[in-house]
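Beneath this line is the structure, given in structure tokens, with notes to follow.
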Amino acid sequence: MSEHTPGVALVVGATGISGQAISRQLVDEGWTTYGLSRHETLPVEGVTPIAADLLDVDDLTAKLRDIEPEVVFLVAWMKKDTEAENIEVNSLLLRNVFAALEGSSVRHVSLMTGLKHYLGPFEDYGTAVMAETPFHESEPRLDNENFYYAQEDELFAAAERMGFTWSVHRAHTIFGFAVGNAMNMALTLSVYATLCKQNNRPFVFPGSKTQWDGLTDVTDVGLLAEQMIWAATHDAGANEPFNVANGDVFRWRWLWPQIAELFDVEPVGFDSEPQPLDDRMGSAASEWAEIAKAHDLVEPDVDRLASWWHTDSDLGRDIECLTDMTKSRQAGFLGFRSTPQSFADAVARYREARIIP
């Protein structure tokens, strides 16, 4: 097993929660790091921003012309109304990146996907035939159309054509710290708990009985970044898909009171039917604006912090989700996280950044 010294890295999707974590670790480890997004500035210091449209291959090619990355981290994706559209746009996104990097010095590409690989796409998420839990990387693809499969195929074709190694990283629900990214359950639940505290309301679990009572796991974004960088710098990570989850398992009925304690609110569990956040957060915008003003917070717009529908979709699942981490461990990646500590650490960082009071 050989290790590669820090070189030049390109993070595609540098403003997302995963992109920010990967960028931060790369900079800390001494990599020359470029961050590709639609923005002229990036939230992580030490990353050189590249502002380009991923769907415009000419713009992308021009912006990447002078970049010679050894390693590329692909953590960008776009959500459309149908899976056919998801496949079209997310395949094009990858094709354009590879076309723009044709003939460059790319040695390895790490692609982030997720558990929809095993559960099925948004349109029939957890309702059609799905893989057996705990999920193993050796499971065959489902019969459903799935943009993750299309992305993998683009990756495999480009690797064969351009001569780089690849890795695929299948993450579960992500906990972590990020600025300006709302699709993050840790921040969404933190905002929800803060609203409950401010208005003296109970902290009601929004999801299904299955999620409340059943075993599950999650992925700390720092652990995801560690695994993606490990795969890009170790021979054992080459040309393999890997699950990535914290390594512990829990029931939400066990974790929910621990989250409530962080915010000094009353935890209320599942009772007869789900209580989706999207249906209950109608006044959140005005309430959060008042909280932000009272506590001098940096972001008064709750929609830039919380994604109610995204958290509802994870906590509302009527299916078991457990991820096997054996393959990753056998390959030599031994990283893990304590899930309660992961959540608590994210809360502490959000408070320090004055994103929540």
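The values are calculated or read from the model by the stated rules, or taken from the named source; none is laboratory data. This is a predicted model, so every value here is computed, not measured. Ideal geometry is used to build each Cβ from the backbone, glycine not excepted, and the neighbour counts take in all protein chains shown. Each accessible area value is taken on the protein alone, full model and side chains, heavy atoms only, with ligands, DNA and RNA left out. Shrake-Rupley method; radii C 1.70, N 1.55, O 1.52, S 1.80 Å.
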Going by the conditions given, is Trp308 in contact with an Asp or Glu (Cβ under 7 Å, 6 or more places away or on another chain), at negative phi and surrounded by 15 or more Cβ atoms within 10 Å (Cβ to Cβ)?
-> yes
Taking into account only those residues within the stretch 296-314 that are among the polar types (S, T, N, Q) and more than 12 Å from Asn181 (Cα to Cα), which is modelled with the highest pLDDT?
-> Thr311
Which members of the stretch 129-141 meet the condition of being among the hydroxyl-bearing types (Ser, Thr, Tyr) and either over 15 Å from Ala171 (Cα atoms) or open to solvent by 50 Å² or more (accessible area, probe 1.4 Å) (or both)?
-> Ser138
Scanning the stretch 142-154 residue by residue, those modelled with pLDDT of 95 or more and surrounded by fewer than 22 Cβ atoms within 10 Å (Cβ to Cβ) turn out to be Tyr149, Ala150, Glu152, Asp153, Glu154
Which of (1) part of a loop (DSSP other than H, G, I, E, B); (2) open to solvent by 10 Å² or more (accessible area, probe 1.4 Å) does Ala178 not meet, given it meets every other one?
-> (2)
The condition of being farther than 23 Å from Asp235 by Cα, over 20 Å from the mean Cα position of the chain (by Cα) and crowded, with 21+ Cβ neighbours inside 10 Å holds, among Leu54, Leu60, only for Leu60
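Would you confirm whether or not the stretch 106-121 contains a residue that is in a helix (DSSP H, G or I), over 30 Å from Asp312 (Cβ atoms), touching a Leu at 6+ places or on another chain (Cβ under 8 Å) and open to solvent by less than 10 Å² (accessible area, probe 1.4 Å)?
no
Taking Glu287 as the residue in question, decide whether it is touching a residue at least 40 places away in the same chain (Cβ under 8 Å), over 23 Å from Gly120 (Cβ atoms) and either in a loop (DSSP other than H, G, I, E, B) or of a type outside the set (Ser, Thr, Tyr) (or both). Show your work before the answer.
On the way: touching a residue at least 40 places away in the same chain (Cβ under 8 Å): yes; over 23 Å from Gly120 (Cβ atoms): yes; either in a loop (DSSP other than H, G, I, E, B) or of a type outside the set (Ser, Thr, Tyr) (or both): yes.
For Glu287, the condition - touching a residue at least 40 places away in the same chain (Cβ under 8 Å), over 23 Å from Gly120 (Cβ atoms) and either in a loop (DSSP other than H, G, I, E, B) or of a type outside the set (Ser, Thr, Tyr) (or both) - is met.
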Say whether the condition of being surrounded by 24 or more Cβ atoms within 10 Å (Cβ to Cβ) and assigned to a helix (DSSP H, G or I) is met by at least one residue in the stretch 241-249.
-> no
In this structure, does Trp212 turn out to be without any contact (Cβ under 8 Å) to a residue 60 or more places away in the chain, assigned to a helix (DSSP H, G or I) and among the hydrophobic types (A, V, I, L, M, F, W, C)?
-> yes
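Just one of Val89, Val72 is in a helix (DSSP H, G or I) and closer than 19 Å to Asp53 by Cα; which is it?
On the way: Val72 fails: in a helix (DSSP H, G or I).
Criteria check complete, one pass: Val89.
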Residues Arg201, Arg141: which one is closer than 30 Å to Met281 by Cα and assigned to a loop (DSSP other than H, G, I, E, B)?
-> Arg201
